[in-house]
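The values are calculated or read from the model by the stated rules, or taken from the named source; none is laboratory data. Being a predicted model, the structure only gives us computed values, none of them experimental. Please note: Cβ atoms are built from the backbone with ideal geometry, for glycine as well, and neighbour counts cover all protein chains shown. Ligands, DNA and RNA are excluded from the accessible area calculation, which covers all protein heavy atoms including side chains. Shrake-Rupley method; radii C 1.70, N 1.55, O 1.52, S 1.80 Å.
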Amino acid sequence: MALPIEDYAMIGDRRTAALVGRDGSIDWLCLPRFDSPACFAALLGTEEHGRWLLCPVEEGVDVQRRYRGASGVLETTFTTSTGVFTVTDLMPQGDDRADVVRIVRGVSGRVSVHHEWRVRFDYGHVAPWVRREVICGEHVITAIGGPDKLILRGPRLPVAEDHRHVDVFELVAGEELVFSTTWIPSHRRLDSLGDLRHRLEETIAADESWAGSCPRDVPHAAIVERSLLTLRLLTHEATGGIVAAPTTSLPEDFGGERNWDYRYCWLRDAALTLESLVRAGFTEEAMLWRDWLLRAVAGSPEDVQIMYAVDGARRLPEWTLDHLPGYAGSRPVRVGNGAVDQHQSDVLGEVMIALEVTRAAGVAVDGDAWHLQRALVENLATHWDEPDHGLWEIRGEPRFFTHSRAMMWAAFDRAVAAVERHGLEGPVEKWRRLRDEIREEVLTRGFDEGRNTFTQHYDTKEVDASLLVLSQIGFIGGDDPRMLGTIAAVEQDLMRDGLLLRYRTDTGVDGLSGDEHPFLACSFWLVSAYAAAGRTDDAHALFDRMVGLCNDVGLLSEEYDPTWDGGRGRMVGNFPQAFSHLTLVQAAFDLAGR
């Protein structure tokens, strides 16, 4: 079985990412893109489904991990009874290649190191044709399966044994071995293997140069910096698409069916990520994502989807990988996402908010981008009175979700602001009228006067954690009695061991079986809601606790189970999760008054 989710760290090249375990095993890697089939898939099965392991032969050793400075380069230190060595893992960026580099270095004493390279293409399903070759005068091992080819380089290559390649070698202090795995299309010949040794310092320098602009006047500045670096790694450097997570099917309910593929670009999540980056001062990413948006949604506004592939592709059919047992026996393992065809009315609101934030930050207005926004808002003007599936992608009956209605208000509100503040053209009177009409509807139909709280949707008295964002988007004041009542109702109904659920699954609103755990973004929303309500001490206390849930290298999953193993807790869901990190950043900014 794979390690606990919190025992993984991410490395990436801003085109894809790998998960590296505390045990020195790369258990998840999709090449060459985030949504490509995995060649190492032990995360969702066993070692038989592919991994790349570098670890001490001795068991039960001490393990410490860290990222090298403000970079995405991971360093794992193994302390054995006979010596100490490190494994430094990175994926060099900006060279149009797909390389994983692993540097093994002896620190003290003498250590026996185990090396295993087990490639399984197509999510652990295809055993490759493996052979030794000489490329550019260097002895390498190649693995070919269908369209994919991997090349393993190193000063000491493992040998074939039982459908894998293994080796054990002695490492002494000061000795350094550099291994790399490179992906290329199987039909292509590699003209140059390149010198990968110098890429370590280049990668660290590039990351630290970018991170040098991260804000320092926020609480837990180091964790905020790590969250921003994580969001950057989840942004495709060429297309600008921002994925929700680099993984699929890490479960929300261990052993259950709530397993989804998050390796795609949700307009909502991407817009919120963009907003966080812009608030931190990173405007270049704003222009990159705006261009991606123009390409992805080009065509009729009627055809706009809630998510796309990183290159803007639209067809993301959902299917299952029945050969994989799933993480902790959680099946099915899914590829693609059936929610792609859902109607979610809140999405345009998040997009319009993010683009207004970019304009306010001084990003030059692009005429084509505004024409697109205007067309999308005009399309909303003809469909605003229709129910939807909500931001939680409810697979039950469409409803008039209060959060979705408020986000439609935000879409028209930001469109009005674009005309009034930035001099752009549009039917501002109509947009203003629709904005006001929707607000009155929400205040009337989406509010329970008896309990003094907004409701999840118009036909229930249940609450939903997404209601906490109403003050953040300007729909209502943070200290308005109706907002204070909503905070109290959310605390009463959705708090589980001090953390918030999204909603109560036992109502059956989502059309799924099973339960789920507290959703981390919701608790960060509560931090922001507390701050807006003037509950500053509560906001700081909750933020401190949430930061404490990060793993040893500062990463967060989608959800968290605080009761597991007598209260020790564990991470749940896809990892690392952009939604968790972007709401962490926003909460820090709200606490700092930025």
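Some points to look at:
- Applying the criterion of being under 20 Å from the mean Cα position of the chain (by Cα) and assigned to a strand (DSSP E or B) to the residues of the stretch 67-79, the residue that is farthest from LEU228 (Cα to Cα) is LEU74.
- Hey, GLY349 surrounded by 22 or more Cβ atoms within 10 Å (Cβ to Cβ), under 26 Å from ILE438 (Cβ atoms) and more than 20 Å from the chain's Cα centre (by Cα) or not: yes
- Filtered residues of the stretch 382-413 (kept if open to solvent by 20 Å² or more (accessible area, probe 1.4 Å), touching a residue at least 12 places away in the same chain (Cβ under 8 Å) and either touching a Pro at 6+ places or on another chain (Cβ under 9 Å) or acidic (Asp, Glu) (or both)): GLU386, PRO387, HIS389, GLU393, GLU397, PRO398, ARG399, PHE400, ASP413
- Only listed residue being in a loop (DSSP other than H, G, I, E, B), open to solvent by 40 Å² or more (accessible area, probe 1.4 Å) and modelled with pLDDT of 90 or more, chosen from ARG263, ARG314: ARG314
- Taking each residue of the stretch 146-166 that is touching a residue at least 40 places away in the same chain (Cβ under 8 Å) and looking for partners that are among the β-branched types (Val, Ile, Thr) with beta-carbon atoms closer than 6 Å, six or more apart or interchain, yields LEU150/VAL119; LEU150/THR181; ILE151/VAL140; ILE151/THR142; ILE151/THR182; ARG153/VAL140; PRO158/VAL166.
- Out of ARG105, ARG15, sole residue that is part of a strand (DSSP E or B), under 23 Å from ASP195 (Cβ atoms) and open to solvent by 30 Å² or more (accessible area, probe 1.4 Å): ARG105
A quick yes/no check of all residues on (1) open to solvent by 50 Å² or more (accessible area, probe 1.4 Å); (2) within 34 Å of the chain's Cα centre (by Cα); (3) in contact (Cβ under 8 Å) with a residue 60 or more places away in the chain:
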| position | (1), (2), (3) |
| --- | --- |
| HIS422 | yes, yes, yes |
| GLU429 | yes, no, no |
| ARG433 | yes, no, no |
| ASP436 | yes, no, no |
| ARG439 | yes, yes, no |
| ARG451 | yes, no, no |
| THR455 | no, yes, no |
| PRO481 | yes, no, no |
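- Qualifying residue in the stretch 210-222 (condition: farther than 30 Å from GLU133 by Cα, under 15 Å from the mean Cα position of the chain (by Cα) and basic (Lys, Arg)): no
- Verdict on ALA143 being outside any strand (DSSP E or B), under 30 Å from the mean Cα position of the chain (by Cα), surrounded by 18 or more Cβ atoms within 10 Å (Cβ to Cβ) and in contact (Cβ under 8 Å) with a residue 12 or more places away in the chain: no
- Residue match in the stretch 491-509 (condition: within 22 Å of PRO387 (Cα to Cα), touching a helix residue (DSSP H, G or I) at 6+ places or on another chain (Cβ under 7 Å), in a helix (DSSP H, G or I) and open to solvent by less than 50 Å² (accessible area, probe 1.4 Å)): no
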